[in-house]
Amino acid sequence: MIKKLKITVEGKTYEVEVEEIGGVQVSTTVPAPKPAAPVPADPPKAEPRPAAQQPAKEAAKAAPGEGEIVPAPIPGKVLSIKVKPGDTVGAGQVILILEAMKMENEITAPVDGQIKDILVAEGQAVNSGEAMLVIG
């Protein structure tokens, strides 16, 4: 004997068929999804950390007057650096080639300015968020 059932999971309704085999009724229990943990109305504030302990993404902006730091968007290996200190670049200009997962990624200047410092070398491995260049 075949029975048709409707089951609703996370707001989606599914129609399933259940068949009785050899006189023994077979049923399947699908566990209900676990509810998400409640979010507190006022999450605790994180204490500010000294600059030396900040993750690279938080420290991606240089101190005022020092310039804009260009971080590595993903972990990879620096294949080539297309600029040198003192070069003037425009926003969107390719400044570095980063290899990640066998693909070459063009890293572009986020702002117009002059290359103040190059913090990596060709062939060097970088982590996501690691500072690579400074544009002033």
Residue satisfying all of: in the range 60-84; more than 14 Å from Val111 (Cα to Cα) and among the hydrophobic types (A, V, I, L, M, F, W, C); modelled with the lowest pLDDT among these: Ala63
Among what's in the range 115-130 and is part of a strand (DSSP E or B) and among the hydrophobic types (A, V, I, L, M, F, W, C), pick the residue that is nearest to Gly67 (Cα to Cα). Ile115
Quick one: how many residues across the range 85-136 are touching a Pro at 6+ places or on another chain (Cβ under 9 Å) and within 12 Å of Pro73 (Cα to Cα)? 11
Note on the range 99-114: residues among the hydrophobic types (A, V, I, L, M, F, W, C) and either at pLDDT 95 or above or part of a loop (DSSP other than H, G, I, E, B) (or both) are Met101, Ala109, Val111
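The values are calculated or read from the model by the stated rules, or taken from the named source; none is laboratory data. On a predicted model such as this, the values are computed, not experimentally measured, just so you know. Methodologically, a virtual Cβ is constructed for each residue, glycine included, from the backbone with ideal geometry; neighbour enumeration extends over all protein chains shown.
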